[in-house]
Amino acid sequence: INTVNLKKIFRTDEIETLALNNVNLNIKKGEFVAIMGPSGCGKSTLLNILGLLDNPSEGEFHFKGTNVAEYKENKRTDLRKGNIGFVFQSFNLIDELNVFENVEMPLVYQGISNKKRKEMVNKVLDRMSMSHRAKHYPQQLSGGQQQRVAIARAVVSNPGLILADEPTGNLDSSNGQEVMELLTELNREGTTIIMVTHSHKDSGYAHRVINLFDGKVVTENVPVEEMAD
Ligand code: ADP
Ligand code: ADP
C-alpha cells in the first residue's frame with residue numbers, strides 16, 4: 001500500500017472538514033502497522049480508504065501496484081473480494097445467521113461452490129477453536145468468541161490484508177490478548193495487518209505505529225533495522 005498526498009474532504013452544507021491532509025504512507029506486504037491518534041483525527045476515514053470502502057478526494061492510492069484512487073464503487077468491491085478482510089470493534093456479525101453462516105457469507109458473495117465453502121468454513125472455524133459453536137447464534141456467544149468468529153469471517157478467503165478497527169475495544173484484557181495473538185499469528189504467516197487502536201498494549205504487537213493528528217501523519221516510528229543506515 002502506498003499513498004501520495006492523500007486528502008479527504010467532507011462537505012456538508014456550509015461545513016467543510018479536511019479529514020485527511022496530505023497523508024503519505026508506504027506499507028509493505030507482511031507488515032503489521034498500528035494507527036493511533038485522538039478521536040476525530042481521521043483514523044476511520046483512512047481505514048475506509050485503505051479498505052476500498054471509500055475514495056480519497058485527492059491524491060494517489062496504490063493498492064498492489066495500481067492507483068485505485070478513482071475506482072468506482074463496483075471496481076472497489078471487486079478488488080476487495082478475497083484481498084481484504086475486515087475486523088471491527090463491535091464484531092458486526094449478523095444476528096440472524098449462525099456462526100457457520102456468518103463466516104460463510106464472504107464466500108457466498110465470491111460465488112464459491114457449496115462444497116468448497118463448507119470445507120473452507122470448517123477449516124477456519126477449527127483453527128479459531130469455534131467448530132463446536134458452528135450452529136450457535138452471535139447472541140449466544142461471549143464477546144471474545146464473537147470476535148473470534150469475526151476474525152474467522154475476515155480470513156476465510158485467505159486475504160493478503162486485514163484491516164482491524166479497534167479489534168479489542170469491546171473485550172476484556174484476556175480476550176483482547178487472545179485476539180492480538182491471533183492477529184500476530186496471521187501476520188507471521190504473511191498477512192499484512194493494519195490496525196486502528198487506542199491501546200498501547202495492542203500497538204506493542206505492531207512493527208510500527210503511525211500517529212495521526214488533525215488528518216496528518218505526525219510521527220511514525222520506523223523499524224529498528226531501517227534506522228541502521
Ligand atoms: P473514535 O471516534 O476515535 O472511533 P470511539 O468512538 O471508538 O472513538 O471511542 C470513544 C472514546 O472512547 C474516545 O475518546 C476514545 O479515546 C475512547 N476509547 C475507545 N476505545 C478505547 C480503548 N480501547 N481504550 C481506551 N479508550 C478508548
Ligand atoms: P477518527 O476515526 O480518528 O475518530 P474520523 O475519521 O471518524 O476520525 O473523522 C475525521 C473527521 O472527519 C472528523 O472531524 C469527522 O467529524 C469527519 N467526518 C468523518 N466522516 C464524515 C462524514 N461522512 N461526513 C462529514 N464529516 C465526516
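The values are calculated or read from the model by the stated rules, or taken from the named source; none is laboratory data. Here the structure is a predicted model, which means the values were calculated and not measured. Using ideal geometry, Cβ is built from the backbone for each residue, glycine included, and neighbour counts are taken over all protein chains shown.
Of ASN92, ASN55, all but one fail to be at pLDDT 95 or above, part of a loop (DSSP other than H, G, I, E, B) and among the polar types (S, T, N, Q); the exception is ASN55.
Any chance you could count how many residues in the range 37-54 are in contact with a Gly (Cβ under 7 Å, 6 or more places away or on another chain), surrounded by 21 or more Cβ atoms within 10 Å (Cβ to Cβ) and of a type outside the set (D, E, K, R)?
1
Tallying residues that are part of a loop (DSSP other than H, G, I, E, B) and farther than 17 Å from ASN2 by Cβ within the range 73-89 yields 3. Going through the range 1-18 one residue at a time, which ones are in contact with a Lys or Arg (Cβ under 8 Å, 6 or more places away or on another chain) and buried (at least 20 other Cβ atoms within 10 Å of the Cβ)? Result: no residue meets the conditions.
Looking at LYS81, LYS28, LYS43, which is the one that is within 16 Å of ligand 1 (Cβ to nearest atom), touching a residue at least 60 places away in the same chain (Cβ under 8 Å) and basic (Lys, Arg)?
LYS43
Would you mind finding the one in LEU79, LEU97, LEU107, LEU141 that is among the hydrophobic types (A, V, I, L, M, F, W, C) and surrounded by 19 or more Cβ atoms within 10 Å (Cβ to Cβ)? Only one candidate qualifies: LEU107. Within the range 129-183, the set of residues being among the β-branched types (Val, Ile, Thr) and under 19 Å from HIS198 (Cα atoms) comprises ILE162, THR168, VAL179.
Exactly one residue out of GLY30, GLY42, GLY51 is within 12 Å of ligand 2 (Cβ to nearest atom) and under 18 Å from the mean Cα position of the chain (by Cα): that is GLY42.
Where residues in the range 55-76 are surrounded by 17 or more Cβ atoms within 10 Å (Cβ to Cβ) and over 17 Å from the mean Cα position of the chain (by Cα), which of them is nearest to ligand 1 (Cβ to nearest atom)? Among them, the one singled out is PRO56.
Residues that are over 16 Å from MET195 (Cβ atoms) and outside any loop (DSSP other than H, G, I, E, B) within the range 22-51 comprise ASN22, VAL23, ASN24, ASN26, listed in sequence order.
Condition check: crowded, with 21+ Cβ neighbours inside 10 Å, among the β-branched types (Val, Ile, Thr), at pLDDT 95 or above and out of contact with any Pro (no Cβ under 9 Å at 6 or more places or on another chain). Does VAL149 satisfy that? So VAL149 fails the test. Residues in the range 163-195 that are among the hydroxyl-bearing types (Ser, Thr, Tyr) and within 15 Å of ligand 1 (Cβ to nearest atom) were compared, and the one that is surrounded by the fewest Cβ atoms within 10 Å (Cβ to Cβ) is SER174. Residues considered: GLU70, GLU101. Of these, the only one that is within 29 Å of ILE1 (Cβ to Cβ) and without any contact (Cβ under 8 Å) to a residue 24 or more places away in the chain is GLU70.
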